[in-house]
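Some notes on the structure that comes next.
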Amino acid sequence: MKTIEHFVDGKLFSGDSKRTGKVFNPATGEQSAEVRLASTKDVNEAVSNAQKMFWEWSNKPPLHRARIMFKFKDLVEKNSDALTKIIVSEHGKVYEDAKGSLTRGLEVVEFACGIPQMLKGEFTENVGSNVDSWSIRQPLGVCAGITPFNFPAMVPMWMFPMAIACGNTFVLKPSEKDPSCSMMLAELLKEAGLPDGVFNVVNGDKEAVDALINNKDVVAMSFVGSTPIAKYIYENCAKNEKRVQALGGAKNHCVVMPDCDLDQAVNGLMGAAYGSAGERCMAQSVAVAVGGIGDSLVKSLAKKVETLKVGPGMDKQSEMGPLVTKEHLAKVKNYVDIGEKEGAKLIVDGRNFKLQGYENGYYIGGCLFDHVKKDMKIYKEEIFGPVLSVIRAKDFDEALNLVNDHEFGNGVSIFTRDGDSGRTFSNKAKIGMVGINIPIPVPMAFHSFGGWKRSLFGDQHMHGPEGVRFYTKLKTVTSRWPSGLRTDPEFVMPTMK
Ligand code: NAD
């Protein structure tokens, strides 16, 4: 059985922990590898290497760092097929979807290639007589990233290209469910010329996470995962005086107005609810049918959900792959059981889906509920599977209130032909990312990604301009070069003369 190691100081590192986890191929249910689960000592070793490299790396000119990012971008492109296959084999999503997610990560690398421009700072000549002042942004030190299973390439790539380009060193703790992609990205960074120790990967579980939280040399933490863990990370990193951004779970609504182009809305919803088997933080799991559109919406959706092509991610015919683990499959099926018990109407039931030749894979067919109510568990909680709930609202205001009353605030979209509804909605929605006739409004790399409410703890969103702010701190220098004139001591607050 293959063992997935850690990557520390530019090489594979076994550490001294004897604990390992199992990695599975969700399409077949077979174990493909075991992964090391780092001890506190192993994590501290990685952090200490990153700390040693910080001074040297942060002193490199931004242009030097940008050139390494350019080479890394080239290498990721050249190896995109291999990286994509790794994602499919450990996560389960279909090949083209996996490739698309890698591209979205690569776009952050492209943005990071422009780091010299972003670190230019601000300068004012003569803030006072013969006094100049400038503001610069400097790197922080060792930054850490903890990432979820659902985007094994893209989410780490939201973090480390920005952190490294800004002059920090980095320790990544990827999901123990699909760790291989991060290991390959580490090899490619080395090949691109990144000095050893600047980027490190420690594999592990809660012990590794807690070691990162408790290590004083880790000065900033980026987290993406479920809300309870995001809150835990936020609170404990703050307690340990770290800068922290912790992105959590979601329950994204799609408001379907009676005036919308129904085909467009249905197709948008199909991709957004069932793509990647619903295991996306921007997946749409609630369709809000406004006014009289509910019956025709459910009818059109049902036809398409029934004919969804479910199969292994490497099969070109598959539109939806398996779920990530056996445990997650059981959890999602249980939510469908709960929905039925709560009295929602199960229009399409995918629980008994079976695929010949793949009987041990973690498959479920698409599920569709109608007449879901606000107080039901399947409405309130994140299911993270291919289960779409249709909830009915009498008008625009009721739909908007549903969106705003929900505890999560990651993404939302509205389908309408009416500019006023679209504009008012985007203005009033208490949500971080809004789409108008766009089902999954994931911002491009040069904007920033993040939700509101319990979908993000912290102040800064990820990547883009917010990423630069998160991974740097501001310094303002005020300077005077007296030309022969010596001044007497001043005991009053200096003001502009
Ligand atoms: P998770 O919270 O279970 O795990 C995320 C990370 O935290 C992993 O690296 C894991 O090892 C670690 N972890 C798990 N339990 C821990 C514990 N008790 N203490 C310390 N660390 C722990 O999330 P997941 O199941 O891997 O990913 C799915 C979740 O991530 C969903 O809730 C999804 O919405 C969310 N997500 C959010 C975004 C976003 O941008 N808001 C993006 C992707 C995924």
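The values are calculated or read from the model by the stated rules, or taken from the named source; none is laboratory data. This structure is a prediction, so every number in the text was calculated from the model and none was measured. No Cβ is skipped: glycine too gets one built from the backbone with ideal geometry, and neighbour counts run over all protein chains shown. Side chains are part of the model used for accessible areas, which takes the heavy atoms of the whole protein and leaves out ligands, DNA and RNA. Shrake-Rupley method; radii C 1.70, N 1.55, O 1.52, S 1.80 Å.
Taking the numbered list (1) open to solvent by 10 Å² or more (accessible area, probe 1.4 Å); (2) within 9 Å of the ligand (Cβ to nearest atom); (3) at positive phi in turn, V209 passes all entries but (3).
Residues that are open to solvent by 100 Å² or more (accessible area, probe 1.4 Å) and within 16 Å of the ligand (Cβ to nearest atom) were ranked within segment 451-497; the one that is nearest to S129 (Cα to Cα) is D459.
Going by the conditions given, is K78 out of contact with any helix residue (DSSP H, G or I) (no Cβ under 8 Å at 6 or more places or on another chain) and open to solvent by 60 Å² or more (accessible area, probe 1.4 Å)?
Details: out of contact with any helix residue (DSSP H, G or I) (no Cβ under 8 Å at 6 or more places or on another chain): yes; open to solvent by 60 Å² or more (accessible area, probe 1.4 Å): yes.
The answer is yes for K78.
Among the residues of segment 313-325, those identified as out of contact with any strand residue (DSSP E or B) (no Cβ under 9 Å at 6 or more places or on another chain) and open to solvent by 10 Å² or more (accessible area, probe 1.4 Å) are M314, D315, K316, Q317. Only a single criterion out of (1) away from the ligand (no atom under 13 Å from the Cβ); (2) closer than 16 Å to F13 by Cβ; (3) open to solvent by less than 10 Å² (accessible area, probe 1.4 Å) is not satisfied by L172, namely (1). When K11, K2 are screened for being farther than 22 Å from Y362 by Cβ and charged (D, E, K, R), only K11 passes.
Could you grab me the full set of residues in segment 133-146 that are open to solvent by less than 10 Å² (accessible area, probe 1.4 Å) and either of a type in the set (V, I, T) or touching a Lys or Arg at 6+ places or on another chain (Cβ under 9 Å) (or both)? Correct list: V142, C143, A144, G145, I146.
Evaluated against (1) assigned by TED's automatic domain parsing to the domain that holds N49; (2) under 22 Å from S101 (Cβ atoms); (3) within 15 Å of the ligand (Cβ to nearest atom); (4) buried (at least 24 other Cβ atoms within 10 Å of the Cβ), G204 falls short on exactly one condition, (2).
Only one of G361, G357, G385, G350 is open to solvent by 20 Å² or more (accessible area, probe 1.4 Å), farther than 30 Å from M118 by Cβ, of a type in the set (G, A, S) and part of a loop (DSSP other than H, G, I, E, B). Can you tell me which? Let's see the steps before the verdict.
Numbers: G361 fails: open to solvent by 20 Å² or more (accessible area, probe 1.4 Å); G385 fails: open to solvent by 20 Å² or more (accessible area, probe 1.4 Å); G350 fails: open to solvent by 20 Å² or more (accessible area, probe 1.4 Å).
Of G361, G357, G385, G350, the one residue that is open to solvent by 20 Å² or more (accessible area, probe 1.4 Å), farther than 30 Å from M118 by Cβ, of a type in the set (G, A, S) and part of a loop (DSSP other than H, G, I, E, B) is G357.
Each residue in segment 284-310 was checked for being under 16 Å from I414 (Cα atoms) and open to solvent by less than 10 Å² (accessible area, probe 1.4 Å), and 8 pass. The set of residues from segment 331-343 being surrounded by fewer than 15 Cβ atoms within 10 Å (Cβ to Cβ) and either within 15 Å of G278 (Cβ to Cβ) or in contact with an Asp or Glu (Cβ under 6 Å, 6 or more places away or on another chain) (or both) comprises K331, N334. Residues being open to solvent by 20 Å² or more (accessible area, probe 1.4 Å), outside the structural domain of A27 (by TED's automatic domain parsing), more than 10 Å from the ligand (Cβ to nearest atom) and touching an Asp or Glu at 6+ places or on another chain (Cβ under 8 Å) are represented in segment 245-261 by at least one member.
Matching residues to (1) of a type outside the set (G, A, S); (2) within 16 Å of the ligand (Cβ to nearest atom):
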residue	(1), (2)
M159	yes, yes
M162	yes, yes
C166	yes, no
D178	yes, yes
A192	no, no
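Kindly indicate the residue of segment 45-62 that is polar (S, T, N, Q) and either assigned to a loop (DSSP other than H, G, I, E, B) or in contact with a Pro (Cβ under 7 Å, 6 or more places away or on another chain) (or both) and also least open to solvent (accessible area, probe 1.4 Å) among those meeting that condition. Working first, answer last.
Of all residues in segment 45-62, those polar (S, T, N, Q) come to 48-49, 51, 58-59.
Subsequent filtering for residues that are either assigned to a loop (DSSP other than H, G, I, E, B) or in contact with a Pro (Cβ under 7 Å, 6 or more places away or on another chain) (or both) retains 58-59.
Working: S58: 25, N59: 92 Å².
It comes out as S58.
Can you find even one residue in segment 268-277 that is farther than 29 Å from M159 by Cα, assigned by TED's automatic domain parsing to the domain that holds E407, at pLDDT 95 or above and open to solvent by less than 10 Å² (accessible area, probe 1.4 Å)? Checking segment 268-277: not a single residue is farther than 29 Å from M159 by Cα, assigned by TED's automatic domain parsing to the domain that holds E407, at pLDDT 95 or above and open to solvent by less than 10 Å² (accessible area, probe 1.4 Å).
Tell me yes or no: at least one residue of segment 37-44 is part of a strand (DSSP E or B) and either surrounded by fewer than 16 Cβ atoms within 10 Å (Cβ to Cβ) or of a type in the set (V, I, T) (or both). Quick ask: steps written out before the conclusion?
Here is the first cut: in segment 37-44, the ones part of a strand (DSSP E or B) are none.
No; the residues of segment 37-44 include none that is part of a strand (DSSP E or B) and either surrounded by fewer than 16 Cβ atoms within 10 Å (Cβ to Cβ) or of a type in the set (V, I, T) (or both).
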